[in-house]
Amino acid sequence: MKPHTFTFKDDGIIPNSALPLLFYKGVFLEEYVDADAMIAHFRDFGWRNAWKNGVYDYHHYHSITHEVLGIYQGRAVLQLGGEKGVQLAVEAGDVIVIPAGVAHKRVSQSEDFAVVGAYPDGCEYDLMKGEAGERPKADANIAKVPIPEYDPVYGKAQGLLETWSLELVH
């Protein structure tokens, strides 16, 4: 399954990325939509430092790592790419791969909405909100984030390995 892709331009507040955000609709079948199973799957492809929770209700991004979100329960509408971005309805079984610099926030959710998050090579993450003083340091950090060796859903087979390249960011 090829992911849907979304690309967001720098809006002057949120840097976003030349790398496209990847949206895998329903990639985890219902019987496999389990937080621990998703964490194990992502870990098998080198995406670690996992957590279980929700998505913040304010725009934020990470300047030192990419992030994968796996929805294992409920539904939500997420705003991606900052105020000028898009709203995307997500539900259990969906996966989103968010490039470093791309803003995301929760707009609405069902009571049972829950996600797992993880990072390539188990990277630590920072939390940037588009506040004064974050840039140009955030921009410099984003420029140093490498393309992951594995896609968190398909490993070496497809996904970000087919859509992300260093040429896009330089």
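Which one is surrounded by the fewest Cβ atoms within 10 Å (Cβ to Cβ) among residues in segment 1-27 that are among the hydrophobic types (A, V, I, L, M, F, W, C), touching a strand residue (DSSP E or B) at 6+ places or on another chain (Cβ under 7 Å) and closer than 20 Å to LYS156 by Cβ?
MET1
Being under 19 Å from PHE6 (Cβ atoms) and part of a helix (DSSP H, G or I): is that true of ILE147 here?
No, not satisfied.
Results for (1) free of Cβ contacts under 8 Å to residues at least 24 places away in the same chain; (2) under 21 Å from THR7 (Cβ atoms); (3) crowded, with 16+ Cβ neighbours inside 10 Å, shown as yes or no for each residue.
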{"position": "ASP112", "(1), (2), (3)": "no, no, no"}
{"position": "VAL116", "(1), (2), (3)": "no, no, yes"}
{"position": "ALA132", "(1), (2), (3)": "yes, no, no"}
{"position": "ILE142", "(1), (2), (3)": "no, yes, yes"}
{"position": "THR163", "(1), (2), (3)": "no, yes, yes"}
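Among the residues that make up segment 148-159, is at least one of them polar (S, T, N, Q) and crowded, with 18+ Cβ neighbours inside 10 Å?
The first filter runs over segment 148-159 and keeps only residues polar (S, T, N, Q), leaving 158.
Pick out the ones that are also crowded, with 18+ Cβ neighbours inside 10 Å and you get none.
No, there is no match, as no residue in segment 148-159 is polar (S, T, N, Q) and crowded, with 18+ Cβ neighbours inside 10 Å.
Among the residues of segment 9-31, count how many are within 22 Å of ALA76 (Cα to Cα), charged (D, E, K, R) and touching a residue at least 60 places away in the same chain (Cβ under 8 Å).
Selection size over segment 9-31: 2.
Can you pull out every residue in segment 89-110 that is more than 17 Å from PHE8 (Cα to Cα) and either small (Gly, Ala, Ser) or surrounded by 20 or more Cβ atoms within 10 Å (Cβ to Cβ) (or both)?
Listed by number, the residues that qualify are ALA89, VAL90, ALA92, GLY93, ASP94, VAL95, SER108, SER110.
Going residue by residue through segment 32-39, is there one that turns out to be touching a strand residue (DSSP E or B) at 6+ places or on another chain (Cβ under 7 Å), more than 20 Å from LYS2 (Cα to Cα) and without any contact (Cβ under 8 Å) to a residue 60 or more places away in the chain?
The answer is yes, given that some residue of segment 32-39 is touching a strand residue (DSSP E or B) at 6+ places or on another chain (Cβ under 7 Å), more than 20 Å from LYS2 (Cα to Cα) and without any contact (Cβ under 8 Å) to a residue 60 or more places away in the chain.
Among the strands (runs of 3 or more DSSP E) confined wholly to segment 38-122, which include 2 or more residues that are among the polar types (S, T, N, Q)?
Hits in segment 38-122: 47-53, 104-109.
If GLN73 satisfies all but one of (1) out of contact with any Phe, Trp or Tyr (no Cβ under 8 Å at 6 or more places or on another chain); (2) farther than 25 Å from ILE13 by Cα, what's the number of the condition it fails?
Unmet condition: (1).
Determine, yes or no, whether ASP121 is farther than 13 Å from HIS62 by Cβ, surrounded by 13 or more Cβ atoms within 10 Å (Cβ to Cβ) and within 15 Å of the chain's Cα centre (by Cα).
yes
Only the coordinates and a few stated rules stand behind these numbers; no lab work does. Just so it is clear, the structure is predicted and the values come from calculations on it, not from any experiment. Counting neighbours? That spans all protein chains shown, and the Cβs are built from the backbone with ideal geometry, glycine included.
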